[in-house]
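Visitor: Got a structure here, written out as structure tokens. Questions coming.
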Amino acid sequence: MVGTLRQALDLLGGVVLGKDTQLRLSLACLLARGHLLIEDIPGIGKTTLAKALAVVLGLEFKRVQFTNDLLPADVLGVSVFDAAESSFVFHPGPVFTNVLLADEINRGTPRTQSALLEVMEEQQVSLDNSTRLLPRPFFVLATQNALDQAGTYPLPESQLDRFLFRISLGYPDLDSELELLGRSQSAGRPVLPESVSNADEVLDLQERVDHVRTSAALLRYVRDLLDWTRTGGRFVNGLSPRAGQALVRASRAWAFLDGRDFVLPEDVQAVFPSLAGHRLRSADGAGVDLTAILAAVPIP
């Protein structure tokens, strides 16, 4: 199974060039049953990453373009009256898939953004006095524009907390950009990789990640990181217990990608910036120095 993941990362690296760390974080996020927020400028490769991840893992993919006139029903689905049957028939929305790309999520109104709260946490849709389960695995990959761009609505804390990681792809390095420019001469769109897995295998991988061992000392280290963010008045709010549980899951997934069945402090440190950056706001309005948090808390 670990060989499959290495193959998947290699294939993804052939599509999204020069972004090995971001690709690994994306795969670890899915393995940890989390959701991913990518904040960056247009044209960096966010949509390409989402499509390639779904294809290489053999998962169903759907995309929703968020705009200020998008309604919750456009995401979740709607019941339509069938005159022939004299009853309402539910037409599922694009959220009924394995990998959902919520493109430019902060261009949707708060009402439409909130439609994703239940599906991201409970993996179900509650409509018309009925609860409908989503396919498994279920993974939301959302992109977000910079808040200073016109027509954007900031994601509330409750929505941000649903995302396990927030990452940024950034510009490619010079060699990768040169390769991209060479590709553009012969193909209009990137060629997506082949599938090396399927939904059942991904579910099995997620189950195996759950059984990666965490020692008592490692859990105390995570606890101390959480406590450091809550004391001293450094942040508006410290990391929540749910964020702590998410940090443990993400660290297990990172260790699993290394082929280990136990978590090291280095795994926690590797995923901590992507997990904590969007959950913490400094009390003085300055930026959050995540490396300072890691440096301040002793490693067991």
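The values are calculated or read from the model by the stated rules, or taken from the named source; none is laboratory data. Quick caveat: nothing in here was measured; it's all calculated off a predicted structure. FYI the Cβ positions are ideal-geometry reconstructions off the backbone, even for glycines, and counts take in every protein chain you see. Surface accessibility is based on the protein's heavy atoms, side chains included, excluding ligands, DNA and RNA. Shrake-Rupley method; radii C 1.70, N 1.55, O 1.52, S 1.80 Å.
Visitor: For region 100-135, which residues satisfy the criterion of being touching a Ser or Thr at 6+ places or on another chain (Cβ under 9 Å), free of Cβ contacts under 8 Å to residues at least 40 places away in the same chain and not acidic (Asp, Glu)?
Guide: Answer for region 100-135, where residues must be touching a Ser or Thr at 6+ places or on another chain (Cβ under 9 Å), free of Cβ contacts under 8 Å to residues at least 40 places away in the same chain and not acidic (Asp, Glu): GLN124, LEU134.
Visitor: Taking region 71-130 as the search range and keeping residues that are loosely packed, with under 15 Cβ neighbours inside 10 Å and touching a His at 6+ places or on another chain (Cβ under 9 Å), which one is nearest to GLU157 (Cα to Cα)?
Guide: Ranking the candidates gives SER79 first.
Visitor: Turning to a different aspect of this structure: Quick test of your reading of the structure: GLY232 fulfils all but one of (1) farther than 17 Å from PHE165 by Cβ; (2) assigned to a helix (DSSP H, G or I). Name the failing condition by number.
Guide: (2)
Visitor: Please verify whether ALA286 is open to solvent by less than 80 Å² (accessible area, probe 1.4 Å), among the hydrophobic types (A, V, I, L, M, F, W, C) and in a loop (DSSP other than H, G, I, E, B), treating the condition exactly as stated.
Guide: In short, yes.
Visitor: Checking the condition modelled with pLDDT of 95 or more, acidic (Asp, Glu) and out of contact with any Ser or Thr (no Cβ under 6 Å at 6 or more places or on another chain), which residue from ASP224, ASP284, ASP289, ASP267 passes?
Guide: That would be ASP224, the only listed residue that is modelled with pLDDT of 95 or more, acidic (Asp, Glu) and out of contact with any Ser or Thr (no Cβ under 6 Å at 6 or more places or on another chain).
Visitor: Listed residues ALA217, ALA243; which is surrounded by fewer than 16 Cβ atoms within 10 Å (Cβ to Cβ) and either modelled with pLDDT of 95 or more or in a helix (DSSP H, G or I) (or both)?
Guide: From the options ALA217, ALA243, the qualifying one is ALA217.
Visitor: What are the pairs with Cβ atoms under 7 angstrom where one residue, in region 75-89, is under 30 Å from PRO110 (Cβ atoms) and among the hydroxyl-bearing types (Ser, Thr, Tyr) and the other, located anywhere, is open to solvent by 50 Å² or more (accessible area, probe 1.4 Å) and not in a strand (DSSP E or B)? Sequence gap at least six, or different chains.
Guide: Here the result reads SER79/ASP128, each pair linking region 75-89 to a residue that is open to solvent by 50 Å² or more (accessible area, probe 1.4 Å) and not in a strand (DSSP E or B).
Visitor: Give the residue that is most open to solvent (accessible area, probe 1.4 Å), with candidates limited to residues of region 29-62 that are charged (D, E, K, R) and farther than 13 Å from PHE139 by Cβ.
Guide: GLU39
Visitor: Take the residues of region 253-282 that are in contact with an Asp or Glu (Cβ under 7 Å, 6 or more places away or on another chain) and assigned to a helix (DSSP H, G or I): which is surrounded by the most Cβ atoms within 10 Å (Cβ to Cβ)?
Guide: The qualifying residue surrounded by the most Cβ atoms within 10 Å (Cβ to Cβ) is TRP254.
Visitor: Next question. Considering only residues that are open to solvent by 50 Å² or more (accessible area, probe 1.4 Å) and either touching a residue at least 60 places away in the same chain (Cβ under 8 Å) or over 19 Å from SER251 (Cα atoms) (or both), which ones fall in region 1-23?
Guide: MET1, GLN7, ASP10
Visitor: Further question on the same structure: Of the residues PHE66, PHE138, which single one is touching a residue at least 12 places away in the same chain (Cβ under 8 Å), of a type outside the set (A, V, I, L, M), out of contact with any Leu (no Cβ under 9 Å at 6 or more places or on another chain) and open to solvent by less than 20 Å² (accessible area, probe 1.4 Å)?
Guide: None of the other options fit; the residue is PHE66.
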